1. Residue check, L84 against (1) surrounded by 17 or more Cβ atoms within 10 Å (Cβ to Cβ); (2) of a type outside the set (K, R); (3) within 20 Å of L214 (Cβ to Cβ); (4) touching a helix residue (DSSP H, G or I) at 6+ places or on another chain (Cβ under 7 Å), all met but one. Which one?
2. When A223 is evaluated against the numbered criteria (1) out of contact with any strand residue (DSSP E or B) (no Cβ under 8 Å at 6 or more places or on another chain); (2) under 28 Å from P40 (Cα atoms), which criterion, by number, is the only one it fails?
3. Mind checking whether some residue in the stretch 62-72 is modelled with pLDDT of 95 or more and either in contact with a Cys (Cβ under 7 Å, 6 or more places away or on another chain) or at positive phi (or both)?
4. Let me confirm something: among P251, P211, which residue is touching a Cys at 6+ places or on another chain (Cβ under 9 Å), at negative phi and of a type outside the set (S, T, Y)?
5. Among residues belonging to the stretch 148-200 that are surrounded by fewer than 16 Cβ atoms within 10 Å (Cβ to Cβ) and of a type in the set (S, T, N, Q), point out the one that is farthest from the chain's Cα centre (by Cα).
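The values are calculated or read from the model by the stated rules, or taken from the named source; none is laboratory data. Source: prediction; values computed, not measured. Don't worry about glycine lacking a Cβ; one is built from the backbone with ideal geometry, like all the others, and counts go over all protein chains shown.
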Amino acid sequence: MKLLSACCGHIGVDTGLLEGGGIRGELRRVPSMCFVIEHPEGLVVWDTSMHPCVCTDPIGYWGKLATTVTVPDYEESETLLARLEQAGIEASRIRFIINSHLHNDHCGMNRFFPKATVLARRSEYEHATGLMDTGKHGYVRDDFFGDGQSLELIEYDDSFDVFGDGALVLISTVGHTPGHQSLQVTFPSGRRFVMTGDALYTAGQLAARKPPGLTFDKKEAQASADRLADLGEEGATILIHHEPSLWETRPAVTLLWEEGAAGAA
């Protein structure tokens, strides 16, 4: 098994969305992270970052959000396909695409893996399709809806074991969105990593057990922050997608862990 991270561009996000307290008109540059897990049953991509159209016409693709609270800084050399090529991974080898949630900076390249199955949580998918044409909520129709994708909807209350062996387990971390989920990757040695999506935005939130600023349900978001903090205290390495300090000193594509290899995240 292997776990790789890939930085697929950056976004200037209003600090009010990150920390709470309303829109402040002050942007913080944060990375847009994706992950690849090599498992004996196949390759899994966790989150796919932004659609390539965002490189050339962000306002046309995202709408006014791209000029105010989420301003992308994204080049074609930074797309997930480009990062996979840099890592020597053919897109046709990907078996599953799984998203923490369906906001436009987490699922923008889902449709670029036509041989993969998009494994989507039903509660998130139904919520997203209900808002995908409003232009206000960060859900973009062409990211996750329409032809060219093999879609399998799943639902669960607490957790979902992707391969049935405990290696890749989806964990319910609702609150940021109604169907938000995190992914725990456990290696045979017991080494664990948890990718948080947007259930947390910052290392400070993890330390303080504080939910992100942007939430659909604040009570549920608090419970999810507590759950992730508990996992960290139990020994899991918590990987926060938009926390610059975790990624700014790493190469754009990084092997975080390979079972039996010396190294750590």
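1. Against the list (1) surrounded by 17 or more Cβ atoms within 10 Å (Cβ to Cβ); (2) of a type outside the set (K, R); (3) within 20 Å of L214 (Cβ to Cβ); (4) touching a helix residue (DSSP H, G or I) at 6+ places or on another chain (Cβ under 7 Å), L84 comes up short only on (3).
2. Here A223 meets the rest and fails (2).
3. Within the stretch 62-72, not a single residue is modelled with pLDDT of 95 or more and either in contact with a Cys (Cβ under 7 Å, 6 or more places away or on another chain) or at positive phi (or both).
4. P251 is the lone residue from the list that is touching a Cys at 6+ places or on another chain (Cβ under 9 Å), at negative phi and of a type outside the set (S, T, Y).
5. S189
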